[in-house]
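The values are calculated or read from the model by the stated rules, or taken from the named source; none is laboratory data. Remember, it's a predicted structure, so these values are computed and weren't measured experimentally. Quick reminder, even Gly has a Cβ in these numbers, built from the backbone with ideal geometry, and neighbours come from all protein chains shown.
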Amino acid sequence: MGTSPGLGLARAPRAAGAASLVTVEFAEPDPQLLLELVRARMPFGKYTGRPLYALPEAYLVWFAQKGFPSGELGMQLRSMYEIRANGLGGMLDPLIEADRRR
């Protein structure tokens, strides 16, 4: 079974000769990883210091097309891109609010 880096998403393998519809199973996201993602800030460029969750979608799409940086930042940007591209940004809202209150 393959996994999506960073989010703990598991994809069910497709059987040989299976129809084009693929079953996707989602594991629970790692809360610690999501909290780190909410606290992460862009370390360079036009958006230096901005939280990754607040980066413009077009910027994340640009990275997806050109290539994400290596290392932890690349994993975080890729994760943020996947979250936003799949309409899952709302799952970060409680963490963002809790982090603002701390």
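Some points to look at:
- Residues satisfying the stated conditions in the range 49-82, i.e. surrounded by 14 or more Cβ atoms within 10 Å (Cβ to Cβ) and closer than 11 Å to L37 by Cα: P51, L52, Y53, L73, M75, Q76, L77, R78, S79, M80
- Considering the range 32-56, the residues that are free of Cβ contacts under 8 Å to residues at least 12 places away in the same chain and either part of a helix (DSSP H, G or I) or aromatic (F, W, Y) (or both) include one that is farthest from P94 (Cα to Cα), namely F44.
- Of all residues making up the range 27-48, the number that are on the phi > 0 side of the Ramachandran plot and surrounded by 10 or more Cβ atoms within 10 Å (Cβ to Cβ): 0
- Subset of the range 67-102 that is of a type in the set (S, T, Y) and closer than 20 Å to G49 by Cβ - its residue that is farthest from the chain's Cα centre (by Cα): Y81
- Flag if A18 is modelled with pLDDT under 80 and either small (G, A, S) or in a helix (DSSP H, G or I) (or both): yes
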